[in-house]
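Chemist: Following this message is one structure expressed as structure tokens.
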Amino acid sequence: MASTLNRLTYAARQTARVAWYAGHYAAGRRLLKPMPKPAYPVGPTPSRAEMTADMRGLFEREWQDIAQGLFPAPRPLAPDPAEFLRRSLLYFRDLPQVDARRHGKLDGELPPGQQGDGLPGYYRQNFHFQSDGWLSDQSARLYDTQVEVLFTGAADVMRRRALKPIAEWLQSRNQRSLKALDVGCGTGRLLASLHQAWPGLRLVGLDLSPPYLVEARRLIGRTARVKLIEGAAEALPFDDGNLDLVVSSFLMHELPSAVRSRALSEMARVLKPDGLVVVVDSMQKSDHPAWDGLLDLFPHYFHEPYYADYVSGSLEASAKEAGLTLFSSERAFLSKVAAFTKN
Ligand SMILES: C[S@@+](CC[C@H](N)C(=O)[O-])C[C@H]1O[C@@H](n2cnc3c(N)ncnc32)[C@H](O)[C@@H]1O
């Protein structure tokens, strides 16, 4: 009985999220001016019904893992209801600026490397055409809504698929003695899910953006179990073999190829010999060839300078070059969750 109730609660919460963000998506499409189609060839794309069924399958897989006791059902990570609504309003107020960028009207707001704050040039861009790139409080407040609208409410569940390989790896370990790092933690959604599932883990979130780290602290709250630090994925401020677990979500595709390789090598370097790395990011070409067209279209409609390069490569092959061995891999709707151990 309790389990039926839990399942219903889980289903109701996830359905409400998907409906909320799908509503934003539909409203947003009406507000954005249509863009010309890309001038390059585009692979096959799925129907909306196929995508909805695939997303439903992802929630079902998560529920099965919860029912088997691998990790607890997620509790809502939303800010208070008033703030939640304010963020939706902010999202819609910002859309005209996003649209102007999509149509090339607000170019050059963040010239790479010219503002003298030590941030790398590749980083100073309006990724996703979002206002202020990664560089302001306003951007940090908008980010979660933007990402959930893009994925019609499935961003958090894709991130949470990292919990499955972690749960399997944790079975023979005591969480209280383990130290984990989230590389490019952004607003802290994955960190918060890890903290909910295993409150004994000592977690560190690292990101180049101070405003995103402030937002992550607000989401997670004050706890000595979760530290947040400013730093770069390609130069992790940890000694060799210092960490038991390293995770990262939706960072890899934002990095130029050489930086991405360095970031993976850094993850391998800071990992203990029996540690685990889990990367959540976009699926890549050949992970689900019938959907390859989505990967072709994404960087055209959303400013993603390194995405085409990322999806044409293989995360598994790059990780192998960095000294990591594949532990498990799962396509999770539009993402891939790949876990690795150290060679
Ligand atoms: C697409 S967001 C992903 C954030 C978060 N992990 C998530 O799941 O939503 C990319 C994040 O990576 C950060 N970032 C980008 N390049 C970085 C780098 N070289 N080192 C550390 N963080 C970086 C950005 O500031 C941003 O917060």
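The values are calculated or read from the model by the stated rules, or taken from the named source; none is laboratory data. Everything numeric here is computed off the predicted structure, so don't read it as measured data. Please note: Cβ atoms are built from the backbone with ideal geometry, for glycine as well, and neighbour counts cover all protein chains shown. Side chains are part of the model used for accessible areas, which takes the heavy atoms of the whole protein and leaves out ligands, DNA and RNA. Shrake-Rupley method; radii C 1.70, N 1.55, O 1.52, S 1.80 Å.
Chemist: Could you tell me the accessible area of Tyr310 in Å² (1.4 Å probe, neighbours in place), rounded to the nearest ten?
Modeler: For Tyr310, solvent-accessible area is about 0 Å².
Chemist: Right, here's the next one. Using 20 Å as the Cα-Cα cut-off, could you pick out the over-long pairs in Lys320/Lys342; Lys105/Lys285; Lys179/Lys320?
Modeler: With Cα atoms farther than 20 Å apart: Lys105/Lys285; Lys179/Lys320.
Chemist: Taking amide H atoms as placed 1.01 Å from N in the peptide plane, list the residues 5 or more away in sequence, or in a different chain, whose amide H sits under 5 Å from that of Lys227.
Modeler: Result for Lys227 returns Leu203, Val204, Gly205.
Chemist: Label Arg218 and Ala167 with points 7 Å out from Cα along Cα→Cβ: what is the distance between them in nm?
Modeler: Label at Arg218, label at Ala167, 3.1 nm between them.
Chemist: Report the net charge of residues surrounding Gly231, where surrounding means a beta-carbon distance below 11 angstrom and charges are Lys +1, Arg +1, Asp -1, Glu -1.
Modeler: -4
Chemist: Tell me, how many Å apart are the Cα centres for segment 185-216 and for segment 33-92?
Modeler: Cα centres, segment 185-216 to segment 33-92: 20 Å.
Chemist: Per DSSP H run of at least 4 residues, take -39500 (n - 2.57); add these up for the chain, divide by its residues and hand me the 222 nm value, nearest 500 deg cm²/dmol.
Modeler: That calculation yields -14500 deg cm²/dmol at 222 nm.
Chemist: Next question, about the same structure. Pop out the ³J(HN,Hα) list for segment 67-76 in order, Karplus 6.51 cos²θ - 1.76 cosθ + 1.60 with θ = phi - 60°, rounded to Hz; leave Gly and Pro as x.
Modeler: The phi angles translate into 4, 7, x, 5, 7, x, 4, x, 9, x Hz.
Chemist: Accessible area of Trp169, 1.4 Å probe, to the nearest 10 Å²?
Modeler: 20
Chemist: A follow-up question, please. Amide H to amide H under 5 Å from Ala332: which residues, 5+ apart in sequence or cross-chain, H placed 1.01 Å off N in plane?
Modeler: Val337
Chemist: I would also like to ask the following. What translational D, rounded to a whole number of µm²/s, comes out for the chain from Stokes-Einstein when the hydrodynamic radius is the Kirkwood one over Cα pairs, at 4 °C and 1.567 mPa s?
Modeler: After rounding, the answer is 63 µm²/s.
Chemist: Shifting gears a bit: Once phi is turned into ³J(HN,Hα) by the Karplus curve 6.51 cos²θ - 1.76 cosθ + 1.60 with θ = phi - 60°, what whole-Hz value does each residue of segment 331-340 show in order, with x for glycine and proline?
Modeler: With coefficients 6.51, -1.76 and 1.60, one gets 7, 10, 6, 8, 10, 10, 10, 10, 10, 9 Hz.
Chemist: Looking at the chain, send over the antiparallel percent of its DSSP beta bridges, to the nearest 5.
Modeler: The antiparallel proportion sits near 45 percent.
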